[in-house]
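Input: a single structure, listed below in C-alpha cells.
The values are calculated or read from the model by the stated rules, or taken from the named source; none is laboratory data. The model shown is predicted, which means the values in this text are computed figures rather than measured ones. With ideal geometry, Cβ positions are generated from the backbone for all residues, glycine too; neighbour counts draw on all protein chains shown. We work out accessible area using only protein heavy atoms, side chains counted, and drop any ligands, DNA or RNA first. Shrake-Rupley method; radii C 1.70, N 1.55, O 1.52, S 1.80 Å.
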Amino acid sequence: MAQDLANPDEPVVLGEEIDRVRLITLNRPRQLNVISPKVVSLLAEYLEKWENDDDAELVIIKGVGRAFSAGGDLKVFYDGRKLKDSCLEVVYRMYWLCYHIHTYKKTQVALVNGISMGGGASLMVPMRFSVVTEKTVFATPEASIGHHTDCGFSYMLSHLPGHLGEYFALTGARLNGKEVVAAGLATHFVPSEKLLELEKKLISLNSGDVNAVNSVIEEFSVEVQIDEESVLNKQTVIDECFSKDTVEEILKSLEMELGKEGNAWIGGVLKGLKRSSPTGLKIALRSIREGRTTKLSECLKKEFRLTINILRSTISGDIYEGIRALTIDKDNNPKWDPLTLDKVNDVEMDLVFQPFEDHLELQIPEKEECRWEGKYENSAYATLQPIDK
C-alpha cells in the first residue's frame with residue numbers, strides 16, 4: 001500500500017476533541033491530501049467513534065495545504081495491478097465511508113479551501129454544510145483515465161439540473177468555488193481570508209444545532225455571482241448535447257454546436273473527450289443515467305461493482321494505462337484499449353455492470369441507523385490482508 005513519504009511519523013489524519021466539537025484535519029499536504037488506505041481507516045474510525053459519543057455534536061473536516069483532498073491515491077491501484085483483488089478491502093471500506101457520511105447523524109461542516117476532486121469531493125458534497133472559497137477547485141475526472149464517476153457521484157451528479165451530471169462526469173470539467181455553490185454542490189462561499197475566523201467561531205459555538213451553525217456560517221458567507229463565461233451559463237447547449245443516448249451521439253451533437261456563434265468553448269470540451277478513455281466514457285455515461293432513477297444505496301453498490309470490475313480489467317485495462325500516463329510516467333499519452341468508442345461493445349459493457357452474487361455485493365443497509373462498525377468484518381472480503389492502520 002502507499003506510504004506517506006513526506007514524514008512517516010506525521011499522522012495523515014488528525015482528530016481533535018474540543019468540548020462538543022470534533023475536528024478532522026487531512027494532513028498530507030505534499031500529496032494533496034489524497035485518500036490512502038490509512039486515511040480511509042482513520043476517517044472511518046473517528047466518524048464512528050464520534051457519532052456514538054453523546055458529548056460530540058459538531059464535526060468539522062478540513063485539509064492542510066492547497067488541497068482539501070485531490071481524491072483517491074491512484075498509486076495504490078497501480079501498484080496492486082498484478083495482485084488479484086489486492087485493493088478490494090480499501091475499496092469496500094471507502095464505499096462504506098461514503099455511505100456513512102451521507103447518513104451521518106451529527107452535524108457536519110466541510111471547510112474546503114483548495115482542490116476537491118473525485119473521492120476527495122465525497123468528503124465535501126454530502127456534508128450538511130460545505131463551505132468553499134475562491135481557492136476551491138472541484139472536478140470528477142475519473143472517466144478520462146478509464147475509471148468511472150465513483151464515491152456516490154453517480155447519484156449526486158445525476159440529480160443536478162438538466163444534464164449537468166453527464167457533462168461533469170464525461171468531461172471532468174473544473175468548477176471554481178462560486179460555481180460549486182451555484183451548481184448546488186456546496187452550501188456557502190466564504191472568502192479564504194475569513195475561513196480561519198469562521199472555524200474558530202464554529203468551535204466557540206460549541207453546538208451542533210443546525211440553525212445555530214447555519215447562522216454562524218452565514219455571518220461569513222457572501223452571495224455568489226458566477227462569471228458570464230461560466231459553463232453554468234451554457235446549460236441550454238449542455239442539455240441539448242449531453243441528453244443524447246450515446247457518447248458517440250453526444251460528440252456528434254457537440255461538433256454540430258461548435259460551428260454556431262458563441263460556442264467556441266466547445267472546442268476544448270471535444271478535445272478533452274476525444275483524449276479520454278472510450279471505455280471510461282461509456283461506463284460513466286451509463287452509470288450517471290442509471291443514477292438518476294436509483295436511490296443512493298443502490299448507486300453505491302453499483303459503483304462498488306464497477307470499481308472492482310475495472311480494477312480486475314474485466315473488459316479493459318485502461319485505468320492502469322490512464323494512471324501510468326498521468327502519474328507514473330507522466331507522458332500524458334495513454335494508449336487506450338480499445339482505442340475508439342465503436343470498439344467498446346454493449347455486451348462487454350454489461351459484464352462490468354452485472355451484479356455479483358449476493359454475498360459478494362457491498363453490504364450496506366437500507367436503513368439509516370446502520371453504520372460502518374462491524375460491517376466489513378462480516379462481509380465476504382474480510383479474509384483479505386488488512387489495510388494499513
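Fully extending the segment from GLU228 to SER313 would add 26.4 nm, taking 0.36 nm per residue of separation and subtracting the current Cα-Cα distance. Taking chymotrypsin sites (Phe, Trp or Tyr not before Pro) in DSSP loop conformation with at most 15 other Cβ atoms inside 10 Å as exposed sites, the chain has its longest uninterrupted site-free stretch at 1-264. Among beta bridges identified by DSSP and lying wholly in the chain, the antiparallel ones come to about 25 percent. Label reach from GLU134 (point 7 Å along Cα→C-beta): in the stretch 202-239, amide nitrogens under 15 Å belong to 221-227. Where only DSSP H runs of four or more residues are counted, the chain gives -11500 deg cm²/dmol as its mean residue ellipticity at 222 nm, each run worth -39500 (n - 2.57). Treating r as the C-beta distance of ASP337 and LYS49 and R0 as 45 Å, the FRET efficiency rounds to 0.50. If we count GluC sites (Glu not before Pro) as exposed when they sit in a DSSP loop and have at most 16 other beta carbons within 10 Å, what is the longest stretch of the chain that avoids them all? That would be 1-133. Taking volume of the Cα convex hull per residue in Å³ as calculated from this structure, the corresponding entry among (i) 165; (ii) 145; (iii) 136 is (iii).
Full extension of the chain segment joining GLU17 with THR236 gains 74.1 nm, where the gain is 0.36 nm per residue of separation less the Cα-Cα distance.
Checked against a 22 Å cut-off, the cross-linked pairs LYS252/LYS282; LYS82/LYS302; LYS75/LYS271 give Cα-Cα distances beyond that limit for LYS82/LYS302; LYS75/LYS271.
Scalar couplings 3J(HN,Hα) for the stretch 287-300, obtained by applying the Karplus form with A = 6.51, B = -1.76, C = 1.60 to θ = phi - 60°, are 5, 5, 4, 5, x, 5, 10, 10, 6, 3, 4, 6, 4, 5 Hz; x denotes Gly and Pro.
Spatially, the stretch 314-334 and the stretch 153-194 are offset by 26 Å when compared through their Cα centroids. Extension gain for GLU197 to ASN345 (0.36 nm times residue separation, less C-alpha to C-alpha distance): 47.9 nm.
Of the solvent-accessible surface of the chain, computed with a 1.4 Å probe and all protein chains present, 49% belongs to carbon and sulfur.
The aspartates and glutamates within cross-link reach of LYS38, meaning a Cα-to-Cα straight distance under 14 Å and a gap of 8 or more places when in the same chain, are ASP4, ASP9, GLU10, ASP73, GLU89, ASP388.
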